[in-house]
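Asks: Below is a structure I'd like to ask you about.
The values are calculated or read from the model by the stated rules, or taken from the named source; none is laboratory data. Predicted model, so just to flag it, every value in this text is computed and none were measured. Cβ sites come from the backbone with ideal geometry, for glycine too, and all protein chains shown count toward neighbours. In case anyone asks, the SASA skips ligands and DNA or RNA and just uses the protein heavy atoms, side chains included. Shrake-Rupley method; radii C 1.70, N 1.55, O 1.52, S 1.80 Å.
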Amino acid sequence: MRIDSAGLSVLSREECLGLLATTPIGRLVFTYRALPAVQPVNYVLDGETVVIRTAIGSRLAAATRDAVVAFEIDDVDKDTGSGWSVTVLGHARGVTAPEEIARLSALPLMPWAPSAFDHFVTLSTEEVSGRRLT
């Protein structure tokens, strides 16, 4: 196992993807009105693609149209000081093809709020990195 300059264990791509499949909530980092924005989102991992469901007119939907974004998840135990963090960089795109929308609609991804979250955004996992603190 590789250790980085801060003494953290460097996770492999496979370990990172495995951790991405374990939690339903992450943070999407994107640009909104030329400024950085961070929004917590629920998501599901579809193969190696992060899938988010949002409202069609939301700022998240508008800001992620074929844009490069970052996505982050983590888990930290305050008592033991152990934990991990995974970051994904990739292109986010809104899904418009009816057959892809139908397929993504069958995934176990339910919106938090009761309003119409009928727009899917997918994030490619072009760069994946992670660290573990033990």
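Asks: Cβ-Cβ distance below 8 Å, separation of 6 or more or different chains: which pairs start in the stretch 42-53 with a residue that is small (G, A, S) and end on one that is part of a strand (DSSP E or B) and open to solvent by 20 Å² or more (accessible area, probe 1.4 Å)?
Replies: Close Cβ pairs (under 8 Å, with a partner that is part of a strand (DSSP E or B) and open to solvent by 20 Å² or more (accessible area, probe 1.4 Å)) do not exist here.
Asks: If you go through the stretch 63-80 one residue at a time, do you hit one that is at positive phi and either exposed (fewer than 11 other Cβ atoms within 10 Å of the Cβ) or not polar (S, T, N, Q) (or both)? Even if it seems obvious, please write down each step before you answer.
Replies: Initial filter on the stretch 63-80 (at positive phi): 66.
Going one step further and asking which of them are either exposed (fewer than 11 other Cβ atoms within 10 Å of the Cβ) or not polar (S, T, N, Q) (or both), we end up with 66.
Yes.
Asks: Now for a different question. Please work out if F71 is of a type in the set (F, W, Y) and modelled with pLDDT of 85 or more.
Replies: On the way: of a type in the set (F, W, Y): yes; modelled with pLDDT of 85 or more: yes.
So F71 fits the description; yes.
Asks: To continue, here is another question. For the stretch 22-53: of the residues being among the hydrophobic types (A, V, I, L, M, F, W, C) and open to solvent by 30 Å² or more (accessible area, probe 1.4 Å), which is nearest to L89 (Cα to Cα)? Break it down into steps so the answer makes sense when it comes.
Replies: Step one: list which residues in the stretch 22-53 are among the hydrophobic types (A, V, I, L, M, F, W, C), which gives 25, 28-30, 34-35, 37-38, 41, 44-45, 50-52.
This time we only want the ones that are open to solvent by 30 Å² or more (accessible area, probe 1.4 Å), so: 25, 29, 34-35, 38, 45.
Numbers: I25: 17, V29: 9, A34: 18, L35: 17, V38: 14, L45: 14 Å.
That would be V29.
Asks: Could you please tell me which pairs satisfy a Cβ distance under 6 Å, a separation of 6+ or placement on different chains, a first residue in the stretch 1-12 that is under 11 Å from G130 (Cβ atoms), and a second residue that is exposed (fewer than 10 other Cβ atoms within 10 Å of the Cβ) and modelled with pLDDT under 85?
Replies: Filtered contacts from the stretch 1-12: S9/M1.
Asks: Name, by its number, the condition in (1) open to solvent by 50 Å² or more (accessible area, probe 1.4 Å); (2) assigned to a strand (DSSP E or B); (3) closer than 16 Å to E48 by Cβ; (4) not aromatic (F, W, Y) that does not hold for V128.
Replies: Going through (1) open to solvent by 50 Å² or more (accessible area, probe 1.4 Å); (2) assigned to a strand (DSSP E or B); (3) closer than 16 Å to E48 by Cβ; (4) not aromatic (F, W, Y) one by one, V128 breaks only (1).
Asks: How many residues are in contact with a strand residue (DSSP E or B) (Cβ under 7 Å, 6 or more places away or on another chain) and farther than 19 Å from T96 by Cα if we restrict to the stretch 12-65? Spell out how you get there, then give the answer.
Replies: Going through the stretch 12-65, the residues in contact with a strand residue (DSSP E or B) (Cβ under 7 Å, 6 or more places away or on another chain) turn out to be 13, 15-17, 19-21, 23-31, 36-44, 49-56, 59-61, 63-65.
Remaining after also requiring farther than 19 Å from T96 by Cα: 13, 15-17, 19-21, 23-31, 36-42.
Residues flagged as in contact with a strand residue (DSSP E or B) (Cβ under 7 Å, 6 or more places away or on another chain) and farther than 19 Å from T96 by Cα within the stretch 12-65 amount to 23.
Asks: Can you tell me which of T64, T54, T80 is over 30 Å from D4 (Cβ atoms), among the β-branched types (V, I, T) and modelled with pLDDT under 95? Outline the logic, then answer.
Replies: Working: T64 fails: over 30 Å from D4 (Cβ atoms); T80 fails: over 30 Å from D4 (Cβ atoms).
Result of the check over T64, T54, T80: T54.
Asks: How many of the residues making up the stretch 3-21 are surrounded by fewer than 13 Cβ atoms within 10 Å (Cβ to Cβ) and at pLDDT below 90?
Replies: So the answer is 5.
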